[in-house]
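Trainee: Questions regarding the structure given below will be posed in turn.
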Amino acid sequence: MNATSQKETMGFQSEAKQLLHLMIHSLYSNKEIFLRELISNAADAIDKLRFTALSHPELIEDDADYSIRIDIDDKARTVSITDNGIGMSRESAIEHLGTIAKSGTADFLKNLTGDQYKDAQLIGQFGVGFYSSFIVADRVVVESRAADLPAEQAVRWSSVGDAEFDVETITRQARGTTVTLHLKVEEKEFADSWRLRTIVKKYADHVSVPVIMKSEPISDDDQDAEPGDEVVNTAKALWTRSRSEITDDEYKEFYKHVAHDFTDPMTWSHNRVEGKLDYTSLIYVPARAPFDLWQREAPKGLKLYVQRVFIMDEAEQFLPLYLRFVKGVIDSNDLSLNVSREILQKDPAIESMRSALTKRVLDTLEKLASNEPESYQKFWDEFGQVMKEGPAEDHANKEKIAGLLRFATTASNGRVQNQSLSDYIGRMKEGQDKIFYVAAENYNTAANSPHLEVFKKKGIEVILLHDRIDEWLMSHLAEFDGKSFQDVARGNLDLGDLEDEEEKAQQEKVGKDFSNLIKRLSDTLGDDVEEVRVTHRLTDSPACLVINEDDMGVQMRRILEASGQKLPDGNKRIFEINPTHPLVAKLNGETDEGRFKDLAMILYDQAMLAEGSQLDEPASFVHRLNKLLMEMAP
Ligand code: ADP
Ligand code: MG
């Protein structure tokens with residue numbers, strides 16, 4: 001016996017240990033899913049062998065009938081699940097069953113609350129997998145021989161689900177894997193053939209390989225008869241069946257297998273395309289964002305099959321990045337069985353499948369939005385941030401994506417993003433030809449922006465943008481439904497037909513009355529501002545800052561700077577004053593140069609604060625303000 005065949009005891013990676021613990025304690029209300037997870041893994045292992053055997057047919061040996069077996073020993077209280085798939089080597093058993101390779105796991109685990117209900121929800125987001133065995137078993141033994149290794153290099157992995165597991169090298173003739181669960185006493189109900197059959201039917205009917213169990217004796221007289229084998233599931237790839245034959249539950253269970261998700265999907269679309277290209281797609285929109293949605297290396301893309309043969313997971317070429325949350329399968333009849341990622345990147349047929357699938361997803365979302373607005377709102381809350389990447393990435397579908405966007409607006413009360421652009425347009429005032437928006441670092445700053453004052457006065461709705469990505473999003477959206485977008489903090493306020501002649505004449509006259517003040521302010525603020533001018537966009541605030549039409553937005557600049565980019569100095573801002581405000585009137589009449597300067601600087605700093613910017617010299621601001629307050633004191 002050489003050293004590595006010795007039994008070796010190893011510790012679970014600390015993340016794996018935490019997950020295991022969590023699994024055992026938070027999923028006991030849904031115990032039976034362990035079987036779904038184990039069958040799902042067995043089916044994946046068979047898919048992988050089938051694919052590898054395309055180029056290495058010798059791996060099939062004389063065992064070409066792929067199947068998953070479930071055996072029960074009610075006396076020993078064990079259930080075992082056996083597949084003749086790709087199997088595991090000693091190293092891969094240690095790696096796959098002892099560690100969690102998913103990036104971001106540590107962060108995910110930090111989010112756990114200790115509240116079992118909430119944690120159970122979170123764990124679903126993570127995907128449950130092999131460790132779910134320990135919900136019902138107090139000891140799990142995995143024996144496996146990898147398809148490309150000899151019988152003497154098989155492995156036995158076992159654990160009681162605490163901190164450690166054992167591995168040893170064993171001899172095993174059969175290719176593939178047997179997972180044996182030693183059921184806890186209180187879970188002995190699972191050592192029952194009828195119970196397990198029901199679970200297989202419920203959770204694994206869609207699995208394309210046969211799930212085989214010993215047939216039950218029909219009557220007592222039959223007891224002595226040697227029981228035969230029986231296929232318990234339909235054993236036909238779900239997507240090859242016709243839509244009308246598939247129940248919603250079957251679609252949902254298949255989703256869980258494909259997506260390694262625990263929760264039901266939000267919606268799906270199943271289509272057969274014939275003609276120049278011949279393929280079937282079954283795409284799902286998940287109900288919840290996975291924990292690693294924002295991890296660069298997180299799995300994305302569809303499961304690719306060619307003529308029913310599994311080819312690869314995470315085929316990314318079929319969907320754009322902003323739809324990376326979509327899960328599902330695509331089964332092509334045109335692609336070659338030895339298609340590779342490199343070929344996928346170059347094949348022009350993939351390009352047209354990609355645009356058809358993209359459209360299919362967007363259509364599915366449109367349908368959800370119009371038929372089930374509440375579900376769509378949930379979808380938006382989960383994935384809206386990702387959808388906002390769409391207009392920049394996918395020019396061809398810009399208008400369609402814009403129609404799916406949801407925003408908070410001044411008409412929508414609160415920060416919830418639940419207004420569509422069509423909703424907004426439907427409420428536009430007579431004479432309004434633009435879609436107005438304001439962008440700030442957070443909702444409160446946006447909602448209280450001085451730039452909104454005139455819009456409030458006139459009852460004109462403004463979109464309140466407060467996500468990091470928003471200003472960038474808007475830079476890619478020129479218009480929607482023929483209406484252009486206008487940032488209310490940019491350029492000269494031109495309300496067009498929303499202002500009447502009288503207002504315009506009045507403004508012109510006021511402008512002249514303040515020409516002297518404008519000059520004094522320009523001299524005082526000097527290099528800080530590009531221009532000082534009178535504005536009519538304010539009602540309550542004395543002053544505000546505006547950027548030029550073509551300058552980079554304040555939010556965008558902040559984000560880029562925070563990400564470490566070197567930017568050219570920002571263009572100077574325009575300082576606008578409100579001629580109807582008493583403070584401005586006071587300033588106009590101020591003859592003391594010192595006091596004039598203090599007041600002017602305070603107004604300028606206030607305008608900076610109102611847009612959420614940092615002051616260059618906050619201490620000077622405080623000092624000036626206190627000086628003024630002191631003068632007020634009796
Ligand atoms: P996932 O299926 O999401 O990858 P699991 O926890 O279910 O996560 O399984 C972890 C890994 O263990 C699998 O990715 C696979 O590499 C390996 N594995 C589990 N079961 C089997 C099996 N029956 N045959 C081969 N490998 C398996
Ligand atoms: Mg799994």
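The values are calculated or read from the model by the stated rules, or taken from the named source; none is laboratory data. As the structure is a prediction and not an experimental result, all values here were calculated from the model. For neighbour counting, all protein chains shown are included, and Cβ atoms are generated from backbone atoms with ideal geometry for every residue, glycine included. Accessible surface is based on the protein model in full, side chains and every heavy atom, while ligands, DNA and RNA are left aside. Shrake-Rupley method; radii C 1.70, N 1.55, O 1.52, S 1.80 Å.
Trainee: Probe of 1.4 angstrom, ligands and nucleic acids ignored: what's the accessible area per residue over the stretch 503-632, in square angstrom?
Mentor: Heavy-atom accessible area per residue stands at 56 Å².
Trainee: Under a cut-off of 28 Å between alpha-carbon atoms, report the lysines in cross-link reach of LYS519, not counting same-chain residues fewer than 8 places apart.
Mentor: Candidates past the 8-residue exclusion: LYS504, LYS509, LYS572, LYS586, LYS597, LYS627.
Trainee: Return one number: the angle in degrees, 0 to 90 and rounded to the nearest 10, between the long axis of the Cα atoms of helix 618-632 and the longest principal axis of the Cα atoms of the chain.
Mentor: The angle comes out at about 50 degrees.
Trainee: How much accessible surface does ASP71 have with a 1.4 Å probe, in Å² rounded to 10?
Mentor: The value for ASP71 is about 40 Å².
Trainee: Please give the peptides 514-520, 195-201, 484-490, 336-342 ranked by average Cβ packing (other Cβ atoms within 10 Å per residue), highest first, as a rough proxy for protection.
Mentor: 484-490, 195-201, 514-520, 336-342
Trainee: Would you give the gap between the C-alpha center of the stretch 177-215 and the C-alpha center of the stretch 582-615, rounded to a whole Å?
Mentor: Taking the Cα centre of the stretch 582-615 as reference, the centre of the stretch 177-215 is 76 Å away.
Trainee: Over the heavy atoms of THR171, what accessible area does a 1.4 Å probe trace out, to the nearest 10 Å²?
Mentor: For THR171, the solvent-accessible surface is approximately 90 Å².
Trainee: Could you pull out the pairs from LYS252/LYS367; LYS236/LYS359; LYS236/LYS400 whose alpha carbons sit more than 25 Å apart here?
Mentor: Where the Cα-Cα span goes over 25 Å, the pairs concerned are LYS236/LYS359; LYS236/LYS400.
Trainee: Keeping all protein chains in place and using 1.4 angstrom, which order do LYS566, LYS346, LYS512, LYS398 fall into by accessible surface area, from largest down?
Mentor: The most accessible residue leads, giving LYS566, LYS346, LYS512, LYS398.
Trainee: Moving to a separate point now. So what is the diffusion coefficient of the stretch 542-583 in µm² per second by Stokes-Einstein at 10 °C and 1.306 mPa s, using a Kirkwood Rh over Cα pairs?
Mentor: In µm²/s, the coefficient rounds to 131.
Trainee: Another one. How large is log10 I(q)/I(0) at q = 0.18, 0.24 Å⁻¹ when the Debye formula is applied to the Cα atoms of the stretch 407-498, each weighted equally and without solvent?
Mentor: Evaluating at q = 0.18, 0.24 Å⁻¹ gives log10 I(q)/I(0) of -0.76, -1.49.
Trainee: Sorted by accessible area (1.4 Å probe), largest first, how do GLU95, GLU216 line up?
Mentor: My answer, sorted largest first, is GLU95, GLU216.
Trainee: While we're looking at this one, here's another question. How much accessible area per residue does the stretch 3-234 have, counting only protein heavy atoms and a probe of 1.4 Å, in square angstrom?
Mentor: I get 46 Å² per residue for the stretch 3-234.
Trainee: Further question on the same structure: Would you mind checking which residues have amide H under 5 Å from VAL462's amide H? H placed 1.01 Å from N; only 5 or more apart, or other chain.
Mentor: Amide H to amide H, under 5 Å and 5 or more residues apart or across chains, VAL462 pairs with THR410, ALA411.
Trainee: Right, next: If DNA, RNA and ligands are ignored and the probe is 1.4 Å, what is the ranking of SER14, SER281 by accessible area, most exposed first?
Mentor: My answer, sorted largest first, is SER14, SER281.
Trainee: Now for a separate question. Note down the accessible area of MET10, probe 1.4 Å, to the nearest 10 Å².
Mentor: 50
Trainee: Then there is this: With everything on Cα atoms, drop me the angle between helix 193-204 and the longest principal axis of the chain, reported from 0 to 90° to the nearest 10.
Mentor: So the helix axis and the longest Cα principal axis differ by about 40 degrees.
Trainee: Report the paramagnetic label zone for THR539: residues of the stretch 425-457 whose backbone N is under 15 Å from a point 7 Å from Cα along the Cα-to-Cβ axis.
Mentor: 448-457
Trainee: Mean residue ellipticity at 222 nm from the helices of the chain, using -39,500 (n - 2.57) per DSSP H segment of n ≥ 4 over the full residue count, to the nearest 500 deg cm²/dmol?
Mentor: Roughly -11500 deg cm²/dmol at 222 nm, from the helical runs in the chain.
Trainee: Please identify every one of the trypsin sites (Lys or Arg not before Pro) in the stretch 1-87 that sits in a loop by DSSP and has no more than 11 other beta carbons within 10 Å of its own beta carbon.
Mentor: Qualifying residues, ordered by number: LYS7, LYS75.
Trainee: Viscosity 0.692 mPa s, temperature 37 °C: Stokes-Einstein D of the stretch 240-379 from its Kirkwood Cα radius, in µm² per second?
Mentor: Value of D from the Cα-based Kirkwood radius: 211 µm²/s.
Trainee: Another question, if that's okay. Along the stretch 510-519, what does the Karplus equation 6.51 cos²θ - 1.76 cosθ + 1.60 (θ = phi - 60°) give for ³J(HN,Hα), rounded to whole Hz, x for Gly and Pro?
Mentor: Per-residue couplings from phi come out as 4, x, 5, 4, 9, 4, 5, 4, 4, 5 Hz.
Trainee: Right, here's the next one. Translational D (Stokes-Einstein, µm²/s) of the stretch 3-234 at 25 °C and 0.890 mPa s when Rh comes from the Kirkwood sum over C-alpha pairs?
Mentor: The estimated diffusion coefficient comes to 132 µm²/s.
Trainee: Taking the Cα-to-Cβ direction at LYS236 and at ASN444 and moving 7 Å from each Cα, how far apart do the two end points lie in nm?
Mentor: 6.0
Trainee: Further question on the same structure: For the stretch 407-498, what is the charge dipole size about the Cα centre, in debye to the nearest 20, if Lys and Arg each add +1 at the Cβ and Asp and Glu each add -1 at the Cβ?
Mentor: That gives a dipole near 260 debye.
Trainee: Checking a compactness column here: for the stretch 482-634, what do you get for Rg(Cα) / (2.2 N^0.38 Å), N being the number of residues?
Mentor: Here the answer is 1.14, to two decimals.
Trainee: Which far-off residues, 5 or more places away or on another chain, put their amide H under 5 Å from the one on VAL128, with H placed in the peptide plane?
Mentor: Residues meeting the criterion, in which the H sits 1.01 Å from N, do not exist here.
Trainee: Mind pulling the angle between the C-alpha long axis of helix 373-387 and the longest principal axis of the chain? Nearest 10 degrees, somewhere in 0 to 90.
Mentor: Taking Cα atoms only, the helix is inclined about 80 degrees.
Trainee: With r defined as the distance between the Cβ atoms of SER29 and ILE170 and R0 fixed at 22 Å, what FRET efficiency is calculated, to the nearest 0.05?
Mentor: 0.05
Trainee: Another question, if that's okay. Using a 1.4 Å probe on the protein chains only, how many percent of the accessible area of the chain belongs to carbon and sulfur?
Mentor: Exposed carbon and sulfur together represent 48 percent of the surface.
Trainee: Hey, what's the per residue convex hull volume over the C-alpha atoms of the chain, in cubic angstrom?
Mentor: 219
Trainee: Further question: Only four residue types carry charge here, +1 at the Cβ of Lys and Arg and -1 at the Cβ of Asp and Glu. Report the dipole size of the chain about the Cα centre in Debye, rounded to the nearest 20.
Mentor: With Lys and Arg at +1 and Asp and Glu at -1, about 640 debye.
Trainee: Per residue of the stretch 137-154, in order, report the coupling 6.51 cos²θ - 1.76 cosθ + 1.60 (Karplus, θ = phi - 60°) as ³J(HN,Hα) in whole Hz, putting x for Gly and Pro.
Mentor: 10, 9, 8, 10, 10, 10, 10, 8, 10, 5, 4, 9, 10, x, 4, 6, 10, 7
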